[in-house]
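Take a look at the structure set out below.
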Ligand SMILES: [Zn+2]
C-alpha cells in the first residue's frame, strides 16, 4: 500500500534492507532450531528486577526525549502468521509454564498467570513478567496490538490473565517469551467491585478486552456507490464495475468515507516478510486502528475480512469464538498491505472498503482525490455500463520502476495494454527513454519563469526526443508517460507567452 512512493522508499537503502533480511533470517533459523526444546527455568527475582529496570528506562525515554516519536521506524518480523484461537476457554486444558516448549503453539491448552512486574511499554509491543500457580515466572509480550479500550495497555489493565493456546517463542533479541499477537488470545480476569473479596475465585469474572454484542452486518452506509457493483474478473480477482448508466468524463463514480484512517508521523514500521523475503514500510498505525475498531464493532468484521489479503487465516466467517470477538491480526495486516492508501507524508493512511475493489491500470479511466478522509473517484473519460473502473496505484513513467512498486507493494505484475507494449521495447530503448526523462525532469526543475524563447525551443526538442523512443505504430492510442512532465511544462509556457 502507501502509494505515495516517497513513503515506501525514503527510509531504506539496499544495504539496510540486506542487514534487516540477515537479522530476520538468522532469528527465524534460531527459532526453528529450538522448536520443541524444553524451556529453561527463570530466576524469579532476576526476572522481576529486569522488567522493573526496563520499565523505568522506557518511561524515562518518553519523558526526556524532545522528539518522542521514533526517528527510524521499528523493525517487525512478520513471517509466520498463525490463526487466533477459536476454541472457547472452557474447552481448553490447563498448562503450566514449566511445561512450555520453545517455538511452539500449545494448541488445545490454556495458561492462567498473574502479572508480577511493571509493564514495559514500547512503540510496537509491551511486555511484563508473569507467574503461574506453581510459582514459575516467564516473560509475556503483546505484539503491536497491545492497547485495549480507552487507550490503556492491555497488560496494565489487569493483574490476572488467561492465555488461550499459548505461543512460546523468542524475541528478535533471542530471549524466550510468551507472545500474544491476536488480542482475543489474551483474556483478562477482573474482580467485580463492591462484591465479595477478589480472592474468592467464584467471584472473578472472565472478560476479553472488548466484547460488546455482535451487531448486524452494516453495509458502508456512508458511501455513494450506487453507480458501481463489485464483480468477479477473469484475471484480477474482484473489481468494481459501472452499472445503471454511463459515467461521463469528469463525473464522480463514487465517494466513500474511510472505514478507518490515521494521520501523523510515527505510524509506520519496517517489516520483513519471510513469505517473500521482502522488506517493506508497513502502515502499522492503520493496522492497529483497524483491529481496534473491529474489536469494538464486531458487526463490521465480515466486510473488512472479505477484502483481498494473502493470509486467509480464520477468514471472514469467524467473528467470535465463545469468549468474544475474534480478529485475525495477520489477516488485517495483509489486507491493509494490499488495500489501504497513503494520505501523504509520515505514514498517514486509510482503508476504504468499496474503493479497495478498484483495480490498477497504467492507463486508468478514473482518478481519486481525498477531501479529508473522504475519497472521491472521478472518471477521466466516459466509462460505459458494464466497464471496469481502474485507477493507477503508481504513476511512475518508467516501466521498471512501476513494476517494482506494483510487485513489492501490491504483489502483482501489471499486464495492461501499455505495460505489454513497454515490456516489448528493447531494454536499450527503455534505457534511453529513462535517461531522457531524467534530463527533462531536471530541465523542468531548474527552468526559470516566465519561460524564454530559447528554453521553449530546448523543451520542445527534449519532448520530441522522448517521443521518438515510442514506436508510432505500437503506441497508437496509448499514453507516452515519459513525456508527461515536459508536455505539461510546454503547455504552461505556451499559455503564459
Ligand atoms: Zn500497466
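The values are calculated or read from the model by the stated rules, or taken from the named source; none is laboratory data. All values derive from a computational prediction rather than experimental measurement. Cβ sites come from the backbone with ideal geometry, for glycine too, and all protein chains shown count toward neighbours.
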Residue list for segment 397-412, restricted to those being under 25 Å from residue 354 (Cα atoms) and either assigned by TED's automatic domain parsing to the domain that holds residue 478 or not in a loop (DSSP other than H, G, I, E, B) (or both): 402, 403, 405, 406, 407, 408, 409, 410
Out of 438, 458, which single residue is over 30 Å from residue 235 (Cα atoms), without any contact (Cβ under 8 Å) to a residue 24 or more places away in the chain, away from the ligand (no atom under 16 Å from the Cβ) and within 34 Å of the chain's Cα centre (by Cα)? 438
Just name the residue that is modelled with the lowest pLDDT out of those in segment 166-185 that are assigned to a loop (DSSP other than H, G, I, E, B) and farther than 23 Å from residue 287 by Cα. 173
Could you please let me know if residue 408 is under 34 Å from the mean Cα position of the chain (by Cα), under 30 Å from residue 278 (Cβ atoms) and more than 13 Å from the ligand (Cβ to nearest atom)? yes
I'm checking my understanding of the structure. Among residues of segment 413-431 that are surrounded by 16 or more Cβ atoms within 10 Å (Cβ to Cβ) and assigned to a helix (DSSP H, G or I), which one is farthest from the ligand (Cβ to nearest atom)? 430
Which of (1) crowded, with 17+ Cβ neighbours inside 10 Å; (2) in a strand (DSSP E or B); (3) modelled with pLDDT of 85 or more is the odd one out, the single condition residue 279 does not satisfy? (3)
Does segment 341-385 hold any residues that are under 19 Å from the mean Cα position of the chain (by Cα), over 20 Å from residue 416 (Cα atoms) and either assigned to a loop (DSSP other than H, G, I, E, B) or within 16 Å of the ligand (Cβ to nearest atom) (or both), and which are they? 343, 344, 348, 352, 353, 354, 373
Quick check on residue 469: is it touching a strand residue (DSSP E or B) at 6+ places or on another chain (Cβ under 7 Å) and either away from the ligand (no atom under 16 Å from the Cβ) or not assigned by TED's automatic domain parsing to the domain that holds residue 485 (or both)? no
